[in-house]
Amino acid sequence: MEIALRMVEDEDLPVFFRQMTDPESLRMAAFGPQDPADRDAFEARLKRVRASGDVLRTVLADGRVAGSAAVYGEPGEREVTYWIDRGYWGRGVATAALRALLAEVPERPLYARAAADNAASLRVLAKCGFRETTRARGFANGRGREIDEVVLVLAAGARDETDT
């Protein structure tokens, strides 16, 4: 499967909204918007992100929209995030998309967060060179309660698992 990133187009937004309102995906991701079904809030947030200096890309799998990947935040504190359609889980799409995003955004350090029980996302981050720095607890809208969260960092000079 060929994985590529491109600039977000207006036609991608309904696909992103559908992906980001999938109940199983919301539970797995855990941390997300307070009301994922609020289309106006979703569109306003994406409009702000697209107008900012943040990096937001559409993830394509064999030319089809498979999700999104982004780097956002203040310099020195920037975080990566990605959202992959459930139909593509377990097929290497998230790892390939994150690697492509990291190649496009060379600044380091970069941070990431994941629910402590989201083994798949933690594996993707580890494959791309992120290492756990701390654990915290936070309210997860996707679960309606506080859960454990892992904070990871990709430091300057970090190597992903394919480099070894």
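The values are calculated or read from the model by the stated rules, or taken from the named source; none is laboratory data. This one's a predicted model, so the numbers in the text were calculated from it and none came from an experiment. Note: ideal-geometry Cβ built from the backbone for every residue, glycine included; neighbour counts use all protein chains shown. The area values use the complete protein model at the heavy-atom level, side chains included, leaving out ligands, DNA and RNA. Shrake-Rupley method; radii C 1.70, N 1.55, O 1.52, S 1.80 Å.
Scan region 96-106 and tell me whether some residue there is charged (D, E, K, R), open to solvent by 20 Å² or more (accessible area, probe 1.4 Å) and touching a Cys at 6+ places or on another chain (Cβ under 8 Å). The answer is yes, given that some residue of region 96-106 is charged (D, E, K, R), open to solvent by 20 Å² or more (accessible area, probe 1.4 Å) and touching a Cys at 6+ places or on another chain (Cβ under 8 Å).
For GLY73, state whether it is more than 14 Å from the chain's Cα centre (by Cα), open to solvent by less than 50 Å² (accessible area, probe 1.4 Å), under 30 Å from ALA51 (Cβ atoms) and not aliphatic (A, V, I, L, M).
Details: more than 14 Å from the chain's Cα centre (by Cα): no; open to solvent by less than 50 Å² (accessible area, probe 1.4 Å): yes; under 30 Å from ALA51 (Cβ atoms): yes; not aliphatic (A, V, I, L, M): yes.
No: the conditions fail for GLY73.
Within region 14-43, the set of residues being touching a residue at least 40 places away in the same chain (Cβ under 8 Å), farther than 18 Å from ASN118 by Cβ and either in contact with a strand residue (DSSP E or B) (Cβ under 6 Å, 6 or more places away or on another chain) or open to solvent by less than 70 Å² (accessible area, probe 1.4 Å) (or both) comprises VAL15, PHE16. Considering only region 62-82, state which residues are under 22 Å from THR95 (Cα atoms) and assigned to a loop (DSSP other than H, G, I, E, B). Those that are under 22 Å from THR95 (Cα atoms) and assigned to a loop (DSSP other than H, G, I, E, B): ASP62, GLY63, GLY73, GLU77, ARG78. Given the criteria open to solvent by 40 Å² or more (accessible area, probe 1.4 Å), over 12 Å from the mean Cα position of the chain (by Cα) and either at pLDDT 95 or above or hydroxyl-bearing (Ser, Thr, Tyr) (or both), does ASP54 qualify? The answer is no for ASP54.
If you filter region 124-159 down to residues that are free of Cβ contacts under 8 Å to residues at least 12 places away in the same chain and not in a loop (DSSP other than H, G, I, E, B), you find that the one that is surrounded by the fewest Cβ atoms within 10 Å (Cβ to Cβ) is ARG145.
So that you can scan it fast, the table gives a plain yes or no per residue for (1) at pLDDT below 95; (2) not aliphatic (A, V, I, L, M):
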| site | (1), (2) |
| --- | --- |
| ALA69 | no, no |
| PRO75 | yes, yes |
| ARG78 | no, yes |
| ARG86 | no, yes |
| GLY90 | no, yes |
| ALA115 | no, no |
| LEU122 | no, no |
| LYS127 | no, yes |
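State whether the residues of region 78-87 include one that is open to solvent by 70 Å² or more (accessible area, probe 1.4 Å) and within 21 Å of ALA100 (Cβ to Cβ). First the steps, then the outcome.
Our first condition is that a residue be open to solvent by 70 Å² or more (accessible area, probe 1.4 Å); within region 78-87, this holds for 86.
Subsequent filtering for residues that are within 21 Å of ALA100 (Cβ to Cβ) retains 86.
Yes - at least one qualifying residue is present in region 78-87.
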